[in-house]
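I have placed the structure first, in the form of structure tokens, so that the comments after it can refer back to it.
The values are calculated or read from the model by the stated rules, or taken from the named source; none is laboratory data. If you're wondering where the values come from, they're calculated on a predicted model, not measured in any experiment. For neighbour counting, all protein chains shown are included, and Cβ atoms are generated from backbone atoms with ideal geometry for every residue, glycine included.
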Amino acid sequence: MQSIEVNPSLFKGAVSLEQLEDGIRPWRINYKHYELFPPNGINGTAILSAGIRLRFASDTTTVSLEVAPVQAQVQFDLVSGDAPVLTQVLEPGETTLRFEQLPAQDKLIEIYLPQKSSTVVRAIGIDDNASLHIPEDTRPKWITYGSSITQCNAAFSPAFTWPAIVARRFGLDLTCLGYSGNCHLEPMVARTIRDLDADVISLCMGINVYGGSTLNKRTFRAAVIGFIQIVREKHPDTPIIVMSPIWSPPRETTPNTVGFTLAEMREEVEAAVAAMEGLGDQHLHYVHGHAIFDESYAEHLPDNLHPNGQGYAIMGQNFGDKAMQQVLAEYGLNRGFAITNG
């Protein structure tokens, strides 16, 4: 096989790329501004490669990927057209994986990096007689922000997080800013979203604020409004889907340490959206979290907080049906660039 040196144009879904001696590490913040995202780069979550892919076209029948040694067992997915998603696993300390028996014709390939670990990509390998090029990407750009329920550690594999499912279904170029345990409406994250190109934005707000008791009834609605207004500074007409937390039975009516219930948080998110709509923002779309995942899916919520793999598939289906499909149609963004039915 021939080795292809990685370059920045291969990466999709990263906010910044760190060039290291042994490869490139993608980040979900501007890593040069690391100190502005305390603690430790959003508590160590911005370095995780959730939603980040390598995208290229090739007529190769085999693709290998070389990465820096992984610290824990992780999965990588290869997606190409309507073919089944191919999954490979690396064990701790391993560096190389292979996807084989691909069709010999020129095809678009996306390799999803692990959603729950950092990844340093060193090289791509293809057949000796194969070619590789990076095609233009004209898909609408989608940024989604949220918690571990958006990062989706328990998804079947990286291509089956709910944002990845939605992105493939509708042909969207995904940037996933799901930060496990760390969706606390930080202004610097709002500035990050503001400064990125986007055709559609979605924000899932509340569950980490509840869990950490980081905002209360006095401050939460104001923080939601402020976060969205920062994003609006450079996205005045971009559709923003604002989703309140999905169902979590122990938290629905039980006050946290600052006296806030999850049911009350949904009311605050909805009220924040209504206030901005009342002042003329016609591009906000509120989605109640129960419309995406409610008590009818209890068997897929094993810890009463995080969906399992099937639960994330359900979230992807419901978010597509009840939120994304309507917004893309309304804004003329349903261009049919789907990569796979996955």
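Applying the criterion of being assigned to a loop (DSSP other than H, G, I, E, B) and among the small types (G, A, S) to the residues of the stretch 48-80, the residue that is modelled with the lowest pLDDT is A72.
Do we have V269 as of a type outside the set (F, W, Y), surrounded by 17 or more Cβ atoms within 10 Å (Cβ to Cβ) and touching a strand residue (DSSP E or B) at 6+ places or on another chain (Cβ under 6 Å) here? When the stated conditions are applied, V269 does not pass them. The number of residues in the stretch 21-47 that are assigned to a loop (DSSP other than H, G, I, E, B) and free of Cβ contacts under 8 Å to residues at least 24 places away in the same chain comes to 4. Within the stretch 86-135, the residues that satisfy the criterion of being part of a loop (DSSP other than H, G, I, E, B), surrounded by 15 or more Cβ atoms within 10 Å (Cβ to Cβ), in contact (Cβ under 8 Å) with a residue 60 or more places away in the chain and of a type in the set (A, V, I, L, M) are L113, V120, A130.
Out of E21, E35, E66, which single residue is among the acidic types (D, E) and either touching a strand residue (DSSP E or B) at 6+ places or on another chain (Cβ under 9 Å) or surrounded by 13 or more Cβ atoms within 10 Å (Cβ to Cβ) (or both)?
E66
Taking the residues in the stretch 245-268 that are assigned to a helix (DSSP H, G or I) and closer than 18 Å to C183 by Cβ as candidates, determine which candidate is farthest from the chain's Cα centre (by Cα). The qualifying residue farthest from the chain's Cα centre (by Cα) is E264.
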